[in-house]
1. Please tell me if Pro183 is over 16 Å from the mean Cα position of the chain (by Cα), surrounded by 20 or more Cβ atoms within 10 Å (Cβ to Cβ) and assigned to a loop (DSSP other than H, G, I, E, B).
2. Only residues that are modelled with pLDDT under 95 and either over 25 Å from Asp329 (Cβ atoms) or assigned to a helix (DSSP H, G or I) (or both): list them for region 142-177, please.
3. Kindly list the number of the only condition in (1) closer than 24 Å to Tyr257 by Cα; (2) part of a loop (DSSP other than H, G, I, E, B) that fails for Val91.
4. I'd like to know if region 286-302 contains one or more residues that are more than 30 Å from Pro23 (Cβ to Cβ) and not in a loop (DSSP other than H, G, I, E, B).
5. Out of everything in region 106-133 that is in contact (Cβ under 8 Å) with a residue 40 or more places away in the chain and of a type in the set (A, V, I, L, M, F, W, C), what residue ends up being farthest from Cys275 (Cα to Cα)?
6. Within region 328-341, track down each residue that is buried (at least 22 other Cβ atoms within 10 Å of the Cβ) and part of a helix (DSSP H, G or I).
7. Is it fair to say His72 is in contact with a strand residue (DSSP E or B) (Cβ under 8 Å, 6 or more places away or on another chain), over 18 Å from Gly239 (Cα atoms), surrounded by fewer than 18 Cβ atoms within 10 Å (Cβ to Cβ) and not acidic (Asp, Glu)?
8. In the list Arg190, Arg162, Arg172, Arg200, which residue meets the criterion of being surrounded by fewer than 18 Cβ atoms within 10 Å (Cβ to Cβ) and among the basic types (Lys, Arg)?
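The values are calculated or read from the model by the stated rules, or taken from the named source; none is laboratory data. In this text the structure is predicted, and so the values were computed from the model without any measurement. As a convention, Cβ positions derive from the backbone with ideal geometry for all residues, glycine included, and neighbour counts pool all protein chains shown.
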Amino acid sequence: MRSKARDGGGMLPGMPDGLEKKPPKASDDEAWKARTLEEAEQRTFDLLDQVIVQYSTGEAITESSSGRVQNHGPRELAGLFGLYSGGNDSVVLTHMLRRYLADRPQHRHHFQGMVHVNTGIAIPQTTQHVREVAARWSTTLLELHPRVTYLDLILGNVRSTRPPNVGRSVWRGFPGPGGGGQPHNVMYMRLKDQPLQALRKQYVGTDGARKKVLYVAGMRWDESDKRFRNAEEIGPRGGIVWVSALVHWTNAHMREYRARWRCHKVHRHEPHRMCFEQALPLNEVTANLHMSGDCTCGCYAKPNELDEIGFFYPEVAERIRRDQQTVRDAGIAAWKWGTPPPADFNPQPAGPEEIVPAPACAKCIGDGPVQGSLEDDWLAAGLITEQQHRTLRAGWEEAS
């Protein structure tokens with residue numbers, strides 16, 4: 001993967017950028033090559049063209065493990081959905097998808113809307129951002145909700161329905177860093193995956209061999225070592241086909257795109273910086289906390305993250321602290337948000353569950369680079385220019 005030393009933003013606009021080696025799940029030797037931003041955008045368009053045609057034409061043929069071939073009839077694309085968490089990458093993804101549909105009138109009828117999974121523990125300003133951006137773009141917003149609540153999960157009230165653990169709690173206590181990925185897996189399955197599966201069922205039913213929904217998400221190889229290993233351009237899973245339309249984009253591509261499409265005028269900005277027709281929105285939560293804020297489960301919380309949340313959004317921190325007291329009053333030892341449970345505490349009475357991919361969970365990646373300096377975060381979010389970044393860095397280094 002490209003060295004993290006290059007990750008600070010030294011690329012100039014118009015220069016090609018790429019990874020240092022081929023990701024394990026890259027489709028071909030062209031997928032990860034160095035590209036200019038315009039070339040990266042074109043590959044995104046080509047990738048979307050490819051997957052739409054692939055799943056809307058021809059016959060659906062499957063072959064079982066025993067070699068039995070079955071023709072299920074004509075393929076049907078039941079819907080194309082853009083997943084929008086409100087995070088920096090999903091903003092770029094949705095903006096690109098909007099441009100793609102404007103350029104491809106023949107494919108617009110497949111698009112059913114933007115999808116936002118309201119986990120119930122989002123920072124309210126992120127939920128407001130998503131709703132207002134969809135309204136400003138006159139785009140259908142499908143806001144999904146989980147069947148269970150986060151509080152019920154951590155209180156142990158959500159029970160397994162699978163033998164041999166029927167009736168046992170799937171989780172108890174606050175999840176936290178560590179645990180081999182199981183804490184995040186449980187939270188993701190109940191709070192995000194199940195609502196997305198329910199939407200798939202609504203459009204596909206039991207005809208998943210022939211009909212598909214396309215979920216366009218923002219996973220990229222350049223995000224982290226884990227994404228580098230696991231992200232793929234097109235990932236069919238039953239009736240869902242996951243499309244990572246920006247998977248080949250580097251961090252430099254993302255910065256250049258934000259600089260190109262975001263309003264940088266010195267004036268009073270419109271809400272979400274949507275100051276002109278094609279403006280790239282900005283979620284204030286990403287500028288303040290460097291994450292989307294659509295989920296505050298705490299699985300990958302950094303030290304002192306609760307205090308950071310409380311500085312900008314005290315009502316969210318207060319809600320988390322109330323939940324802590326509720327869990328503590330219930331006699332559950334793992335009552336501290338964002339910290340690993342005590343060593344002798346079993347948070348998963350029903351036993352480990354199958355690990356599911358989490359392409360809809362922005363930045364919940366566990367082994368990504370450590371958060372950099374504030375000026376690096378501002379640069380990555382497109383809030384300052386390269387020159388401003390260098391000036392700030394030089395000034396702060398001199399002061400220190």
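1. Details: over 16 Å from the mean Cα position of the chain (by Cα): yes; surrounded by 20 or more Cβ atoms within 10 Å (Cβ to Cβ): yes; assigned to a loop (DSSP other than H, G, I, E, B): no.
Against the criterion (over 16 Å from the mean Cα position of the chain (by Cα), surrounded by 20 or more Cβ atoms within 10 Å (Cβ to Cβ) and assigned to a loop (DSSP other than H, G, I, E, B)), Pro183 does not qualify.
2. Across region 142-177, the qualifying residues are Thr161, Arg162, Pro163, Pro164, Asn165, Val166.
3. Tallying (1) closer than 24 Å to Tyr257 by Cα; (2) part of a loop (DSSP other than H, G, I, E, B), Val91 fails exactly one: (2).
4. yes
5. Step by step, filter region 106-133, then rank; the result is Ile121.
6. Across region 328-341, there are no qualifying residues.
7. Working: in contact with a strand residue (DSSP E or B) (Cβ under 8 Å, 6 or more places away or on another chain): yes; over 18 Å from Gly239 (Cα atoms): no; surrounded by fewer than 18 Cβ atoms within 10 Å (Cβ to Cβ): yes; not acidic (Asp, Glu): yes.
Spelling it out, it is not the case that His72 is in contact with a strand residue (DSSP E or B) (Cβ under 8 Å, 6 or more places away or on another chain), over 18 Å from Gly239 (Cα atoms), surrounded by fewer than 18 Cβ atoms within 10 Å (Cβ to Cβ) and not acidic (Asp, Glu).
8. Checking each option against the conditions leaves just Arg162.
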